[in-house]
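Every read-out reported here was derived from the displayed coordinates using simple, explicitly stated rules and does not represent laboratory data. In this text the structure is predicted, and so the values were computed from the model without any measurement. Cβ sites come from the backbone with ideal geometry, for glycine too, and all protein chains shown count toward neighbours.
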Amino acid sequence: MNSNQDALRLLSATAQGDRLAFEELYKHTAGKLYAISLQMLRRRELAEDAVQEAFVRIWHNAGEYQQEKGSVLTWMTTIVRYRALDMLRATKSRRESDEDVEEAEDENSPEKELYTERDRVLIDRCMSLLEGQQREMIQLAYFRGFTHAEVCEHTGSPLGSVKTWIRRGLERLKRCVEA
Amino acid sequence: MNYLTEERKNALASEYVLGTLHGRARIRFQRLLMQHRSLRHVLWQWESRLNSLGGGLAAVPPRPELWEKIQQQLGFNTAELPANVVRLPQASATPHKEQPANNSWKWLTGAATAAALVLAIFLAMPQSPSERLSTQIAVVQGEKAQALWSIELGKNELVVTATVNFKALPDQDYELWMIAADGRPPVSLGLLPKQGKLILQRNAILDQVKIAALAVSQEPLGGSPNGQPTKVLYTTEIVTI
């Protein structure tokens, strides 16, 4: 499977209850989704729980995918991130340790292709056009699931500024993507 | 809806997707999403935009057990449980030589086997001991001691799974209640799934009172109309493993 079309075929078969297609979809996307979850939750067990919950939802809600929600893998990413964010909110004592983040990484990840190339290049380019600090704040929120207060702690900028920077950064991203 | 200008919709949706919309604002946004189709479209656009960012991360292969756990959770392989899952109920089915011959004990044995099976499924899921020192579970059984729902009580949520044995009546919902030992009226914990799995928020009261039992009631669609169980069908106890 190396294109969004393939992923779409598997997802649509999954929506019909095809377990083999679902397994195939899992094989090709789990590594990517786990990487995202691990970045946010920082602990292997929690990160796996989030991916597990996400795939259970994907199985049940496969029929709800629409192109408007992005490529298939983008939609799956959305599900994993919401789950991971929920878990972060539920975990009071978050990220006591960063021990699990140093995982073996596969640089030649074939899953990269599953985010439609155009979307990915576009968002990366638009991110690179943001000012350094603004980009860093959005990245901290996106990849680490940081709250405004945590971004503020991490960067040393006042809370009000963090909120403004993130809001304006997102506005700039939108204008850039749509341009 | 007036305050939801395009600009406002985008501001809310983008921070919701990013994860920086918090507390009441987040809950209000979720409610607005249910009400306004146009807002859902704005949200999808943001999900599509921002979540392509994930493409920048290199894949990290999860442990192979993860796929097994997903399959178990979805009930894919109940007919062909792996060897380590089967072993436990066999061991616990004959703990003593003297099996009760009396018929009146049969239901109990059946119940024990059903509980052992469910226990085995939970035990088969690898969990780090520091992560979950004790797990609380409950199995709701029908008249013939068949397992109808399994309930795993986590720190923040209850994971409830309806088994294939459960057949819902049309136009009825099934509600889970906590029966406190102090005699207060039953407290609703939420509606049960009629099939598959559902995650319920853990009601804080579970940690504040001594629990005598959990109960399941049959209710009109949408749950109890008056905040109390309409027709109690089953009760079960919480087991700590």
Test item: A:48-59 mean partner chain Cβ contacts at 10 Å: 5
In the stretch B:1-54, the chymotrypsin sites (Phe, Trp or Tyr not before Pro) that fall in loop regions by DSSP, at most 16 other Cβ within 10 Å: B:TYR3
Residues A:ARG120, B:ARG37, sorted so that the one with the fewest Cβ neighbours within 10 Å comes first: B:ARG37, A:ARG120
12 Å beta-carbon shell around B:LEU221, net charge (K/R +1, D/E -1): -3
Cα centroid separation, the stretch A:1-79 to the stretch A:127-171 (Å): 28 Å
Cα coordinate range in the stretch B:174-241, projected on the principal axes (Å, largest first): 30, 26, 20
Order of A:ASP124, B:ASP173, A:ASP49 - criterion: other Cβ atoms within 10 Å of each residue's Cβ, fewest first: A:ASP124, B:ASP173, A:ASP49
Exercise: per-residue mean of other protein chain Cβ atoms within 10 Å, A:27-33: 4
Burial ordering of A:LEU20, B:LEU32, fewest other beta-carbon atoms within 10 Å first: A:LEU20, B:LEU32
